[in-house]
Amino acid sequence: MALDQIIIISQAQEVSQPDGSLTLSFINPAQIFAEVKPVSGSERYSAGQVRAPAMYRFKFRYRAVTESDVITWAGETFNIRYIGTAGSRDVYMYVDAEKDVAE
């Protein structure tokens, strides 16, 4: 196993703007090394565009991660869909995350 890719794990939070609107902001970024593997992909036609959502598996040393966090890798943002771990005693954990989908 080679943890040779740099990823950023951030918490997504809605921030109120002066005009009353909400924007999505990423806070508490953590830059870590991970192993990245594509798991699946497909093409979908939605909102008049062809999108190509894809599922990736990120494997890295155990840390506190939730499904509301996001992963940034190679300029793409991934929404976490599944966190796989056998508990805090595991050295490594894996996270399945999807790109090109709405939160």
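Some observations on this one:
- Top-ranked residue in the range 19-33 [being farther than 10 Å from I8 by Cβ and hydrophobic (A, V, I, L, M, F, W, C); ranked as surrounded by the most Cβ atoms within 10 Å (Cβ to Cβ)]: F33
- Segments classed as strands (runs of 3 or more DSSP E), wholly inside the range 6-85, with at least 1 members that are touching a Leu at 6+ places or on another chain (Cβ under 7 Å) and either at pLDDT 90 or above or over 12 Å from A97 (Cα atoms) (or both): 22-41, 54-61
- Listed by first and then second residue, the pairs linking a residue in the range 50-71 that is farther than 16 Å from I8 by Cβ and surrounded by 17 or more Cβ atoms within 10 Å (Cβ to Cβ) to a residue that is among the hydroxyl-bearing types (S, T, Y) and at pLDDT 90 or above, with Cβ atoms under 8 Å apart and 6 or more places separating them unless they lie on different chains, are R57/Y94.
The values are calculated or read from the model by the stated rules, or taken from the named source; none is laboratory data. Computed from a prediction, not measured in an experiment: that's the story for all the values here. Every residue, glycine as well, gets a Cβ built from its backbone with ideal geometry; the counts of neighbours run over all protein chains shown.
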